[in-house]
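The values are calculated or read from the model by the stated rules, or taken from the named source; none is laboratory data. Quick caveat: nothing in here was measured; it's all calculated off a predicted structure. All Cβ positions, glycine included, derive from the backbone under ideal geometry; neighbour counts span all protein chains shown. Accessible surface areas use protein heavy atoms only, side chains included; no ligands, DNA or RNA. Shrake-Rupley method; radii C 1.70, N 1.55, O 1.52, S 1.80 Å.
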Amino acid sequence: MPADEQITAQEHNQPTAAQQQQSAKQARSRQSDDGPEILPCMEHFVTLVRKAKRPGLALLLVERASATSLPEVAALTDAAKGILAVQSRKVMFHAVAKLGADVQQHIERAAERVVLLDDEYGAQAVQSLLDDEDINDAAIMAAPSDRYSRALFLCLLQDFPETGATRDQRFDNAERVQVMHRQWKSENYSSHYLGPKGVVPSIDADVEGVLRGRISALFPQVAPDQIIIEQFTRRDLAHADRCGGKDSDEVTPVLLHTLTATFNGSTAHFRQVANGEVVEHEEPAAMSASFSWEPGTGALGVFCEDREVRRELATIFRDVVLACDGEINDMPMREFDLFGFSTPAMLKRIEQERVAGIEKISILQIKVARPFEQQTTDAANGRDLIQHLSSTMLIGKDRRDTRQIYQVAYDDYGVDDLTCYMLAQVKLVFRMAKQPHRKAHNVAVQITSPNGLNDKSKTEDDRKRVLEQLTRIGVLREF
């Protein structure tokens with residue numbers, strides 16, 4: 001802008017051209033779709049419409065739930081190249097606002113379930129159940145694609161199918177897999193065992209009947225005919241078995257079987273006011289026992305609220321579902337040998353021996369200890385005692401520090417040889433490579449000698465890569 005024009009504008013207290021342009025940008029950025037005002041009781045549906053890159057699926061949800069056609073909205077969703085524009089969202093919200101309260105509630109409940117799958121566990125659960133060999137699944141995974149659209153796609157197939165279409169129950173299974181991934185490392189929810197490798201379970205009506213009987217014997221208050229049994233499979237990338245007459249077991253072998261038994265095995269306690277008095281109630285409540293079985297590794301996960309019965313449930317699964325008499329043992333003890341981290345040679349090893357799917361491994365912290373003995377006297381008994389103690393030192397670096405951890409140890413701590421110490425703990429960061437429908441991401445891993453492992457894996461795939469990598473560099477040993 002010429003200097004004289006800027007001076008003139010300032011003298012008359014007028015906004016300059018640059019300021020006017022900035023104001024126009026701010027005005028555009030303040031546009032709102034008025035979702036909370038138009039649909040104050042449909043928070044999750046508003047979120048879904050704002051996030052989904054396939055807005056036509058949100059329209060399908062509305063049309064099938066209300067049994068109405070909305071051609072004026074369809075024209076907008078068809079023209080969208082991704083997330084629906086602000087003004088187009090307004091049109092959809094106003095159309096939904098005209099529907100009955102019961103229909104709105106039905107749509108909102110479905111949208112809530114979809115949105116609850118938006119975390120990393122849920123997104124990966126949905127992704128694992130989509131099959132790129134199925135033409136419809138492949139279409140929904142093609143760009144533009146996002147976790148909300150993919151989850152909504154499964155929701156529509158299950159709860160809002162086309163007329164005459166078979167109900168697809170993968171959406172329910174995605175919710176189960178999400179919960180199982182969250183609970184995998186918590187002893188409050190799950191226990192893990194090692195069974196016979198290579199055994200493929202077979203579930204038919206007779207097996208289900210025996211399974212119900214065994215579970216009923218374990219929970220005497222539960223009638224066998226009141227136990228719901230559901231089974232799902234996950235193939236290579238967890239492909240579902242729907243490949244149109246093809247022998248899918250030869251094309252994509254099953255990597256994980258999931259079986260869930262649901263029954264009224266617990267009690268819900270609640271209070272209620274009736275006739276001016278507070279009345280205590282105890283009612284039967286549903287609980288689930290879920291099993292995850294990996295034929296290739298023999299790993300069996302049992303997910304149940306009642307920790308005391310998990311081993312019995314594992315035995316039932318072996319006897320009935322696997323139909324074998326192999327041992328059901330606790331998962332093998334893991335032992336970590338951290339001595340390799342005492343020299344910079346480990347840097348070369350983790351660079352050259354990375355497993356597929358891991359781009360980089362960084363060492364953030366090394367905790368070392370120097371054991372020693374201390375002689376003291378027990379004042380109460382007047383005895384001389386030898387105490388076994390250790391002093392510790394934590395060598396750490398900022399995540400933005402470009403120096404290697406061994407250079408930090410030398411520069412900042414004056415330590416050029418860690419072999420004279422006992423390595424107590426190592427903290428690593430694994431950089432996982434970009435995968436289909438998942439961005440590259442970091443996984444923090446903390447290893448404590450001799451058998452402590454705490455990693456931030458959010459998917460089964462991450463967990464397996466971490467364990468495989470630690471085994472390859474000679475840090476992990478299972479026995």
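Computed values, structure above
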item	result
The stretch 339-478, accessible surface, carbon-and-sulfur percent (1.4 angstrom probe)	46 percent
In range of the label at S362: residues from the stretch 433-455 whose backbone nitrogen is under 14 Å from the point 7 Å along Cα→Cβ	441-445
Accessible carbon and sulfur surface of the stretch 35-183 relative to its total accessible area, %, 1.4 Å	53 percent
Distance from the stretch 407-479 to the stretch 191-210 (C-alpha centre basis), Å	34 Å
Net charge, P201 excluded, C-beta distance under 12 Å - Lys, Arg +1, Asp, Glu -1	-3
Probe 1.4 Å, protein heavy atoms only - accessible area per residue of the stretch 40-153 in square angstrom	44 Å²
Note, ³J(HN,Hα) from phi for the stretch 63-68, Karplus 6.51, -1.76, 1.60, rounded to Hz, x at Gly and Pro	5, 6, 6, 9, 6, 10
Estimated FRET transfer efficiency (V279, R109; beta-carbon r; R0 30 Å; 0.05)	0.55
Helix-derived mean residue ellipticity, 222 nm - over the chain, DSSP H n ≥ 4, -39500 (n - 2.57), to 500	-11000 deg cm²/dmol
Mean accessible surface per residue for the stretch 334-407, computed with a 1.4 Å probe while every protein chain stays in place, in Å²	66 Å²
Set K197/K360; K197/K464; K51/K427; K197/K427; K397/K439 screened for pairs whose C-alpha atoms are more than 28 Å apart	K197/K360; K51/K427; K197/K427
Computed magnitude of the charge dipole of the chain (debye, nearest 20; Cβ of K, R +1, Cβ of D, E -1)	1380 debye
